[in-house]
Amino acid sequence: MDLRLAAQAPHAGLLDWASTPELFREARVLVVDDLAANVVLLQRMLAGAGVGEISSLTDSRLVVEQCQTWHPDLILLDLHMPNMDGVAVLEMLRATLAPDVFVPVLMLTADVTGAARERALAAGAQDFVTKPFDRVEVLLRARNLLATRSLYVEMQRRQELQTATVLTRDRERIARDLHDSVIQQLFGEALGLHSFIPLVQKAVGERLTSTVDVLDQAIKDLRMAIFALQGPVGAPGGLRGRLLAVVTEAGGALGFEPRLQFDGPVETIQSDIGDELVNVLREALSNVAQHSKARRVRVAVEVSRDIVLTVIDDGIGVPAERFGGRGLANMASRADRLGGAFAVANRPAGGAAVTWTVPHEASSERQTTSSSASRTVDTP
Ligand SMILES: Nc1ncnc2c1ncn2[C@@H]1O[C@H](COP(=O)(O)OP(=O)(O)OP(=O)(O)O)[C@@H](O)[C@H]1O
Ligand SMILES: [Mg+2]
């Protein structure tokens with residue numbers, strides 16, 4: 001039934017058709033009345049106004065269960081019913097639903113006395129309509145309650161998002177602290193002990209070797225804990241594992257552990273791009289170890305529309321004039337081949353930043369990036 005036809009009624013224009021459709025379309029409404037004829041009438045009204053999902057009950061004893069499984073946004077609830085009347089249903093709902101769940105109730109009643117309304121209001125009903133039903137009034141009241149419900153749902157969503165953000169930040173902080181304090185300390189100790197081994201008696205050397213092994217194992221376990229905090233660790237032979245192995249290997253030459261951070265679905269990176277990432281990271285870290293005199297290195301792999309690898313160190317920075325080597329040129333041509341870009345820049349705070357970016361094939365919205373964008377940028 002097209003409710004616009006009901007505009008002949010004197011107050012029909014009060015329905016704000018511009019704002020109502022979406023509210024109704026996304027709503028689930030539960031109709032409860034012991035009289036099947038009333039249920040049918042209300043269902044027709046709601047369906048005609050475009051309500052997305054409608055469920056109905058003539059047995060009021062089933063309302064609580066239906067709310068727990070179907071999660072309505074609004075309940076149209078008859079006041080006078082056999083077995084359990086509307087007020088008893090409301091009281092039961094309040095006792096069973098979580099206290100922070102807000103499901104508005106529009107009470108349906110032929111009883112216009114003040115006493116009936118007070119009972120219903122006291123039990124938690126938000127609004128009333130009296131029988132016989134006026135279609136426009138029913139829809140206006142339903143719309144107002146759905147608007148309140150949708151604000152509540154939006155607030156819940158934001159709260160959940162905020163909680164998730166706080167959790168992620170917390171995890172990142174823990175991962176950072178673990179890396180920067182605990183791992184670096186263990187790493188330094190292991191390195192120190194290792195350098196003593198050739199200088200001491202065999203028995204002591206063996207004892208030192210086993211201690212260094214224990215420290216190495218502890219570092220590995222901690223690294224895994226850090227990756228678990230940052231997202232799925234993945235199989236040891238997977239890309240995360242391979243990048244981690246490159247970082248670990250570089251730690252030996254650097255004398256400290258680079259920090260590695262993943263952001264986004266690393267597991268969706270195609271294997272040929274993964275191979276290039278591993279090679280580029282190895283070259284970038286070997287440059288840091290050979291040329292930079294850095295004391296810290298941060299490696300980040302971000303995956304969204306593009307795959308971006310950044311290697312940032314706090315060393316002396318790249319000189320304006322560079323001679324000989326093939327490392328930087330190789331990284332640039334690896335990016336170029338994949339339609340991506342490469343840049344090496346000195347950071348204002350000191351040290352160099354290498355950025356290697358290629359388009360992510362798995363990203364469905366991928367736009368073609370202008371190719372041959374490889375470049376070398378020096379900033380003072
Ligand atoms: N992280 C860095 N910090 C400081 N200087 C750097 C860094 N990365 C590169 N450089 C400078 O850029 C030059 C060129 O690097 P490139 O990797 O192309 O060659 P290379 O390391 O000298 O030789 P190859 O990589 O072929 O063994 C280096 O010689 C060095 O002077
Ligand atoms: Mg090099």
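Points to keep in mind about this one:
- Per-residue Cβ neighbour rank within 10 angstrom, fewest leading, Ile54, Ile312: Ile54, Ile312
- Peptide ranges 180-187, 71-78 listed from the most packed, as the mean C-beta count within 10 angstrom indicates: 71-78, 180-187
- Beta-bridge orientation, the chain: approximately 50 percent antiparallel, per DSSP, counting only bridges with both partners inside.
- Under 30 Å from the Cα of Lys293 - lysines, other chains or at least 8 residues apart: Lys220
- Selected from Val246, Pro258, Ser271, residue furthest toward positive end of dipole (segment 201-322; charges at beta carbon): Pro258
- The angle separating the long axis of helix 271-287 from the principal Cα axis of greatest extent in the chain is about 50 degrees.
- Calculated FRET efficiency for the pair Ser181/Ser150, C-beta based, R₀ 41 Å, to 0.05: 0.30
- Rounded if a/c under 1.5, otherwise prolate or oblate - segment 3-158, Cα gyration tensor axes: oblate
- The dipole here belongs to the chain: it is taken about the Cα centre, uses +1 on the Cβ of Lys and Arg and -1 on the Cβ of Asp and Glu, and is about 1000 debye.
- Helical contribution to [θ] at 222 nm, DSSP H n ≥ 4, -39,500 (n - 2.57), averaged over the chain, rounded to 500: -15500 deg cm²/dmol
- Placed amide H near Leu35: partners under 5 Å, 5+ positions off or other chain: none
Each reported figure results from applying straightforward, stated rules to the coordinates on display, with no laboratory input. Everything numeric here is computed off the predicted structure, so don't read it as measured data. Every residue, glycine as well, gets a Cβ built from its backbone with ideal geometry; the counts of neighbours run over all protein chains shown.
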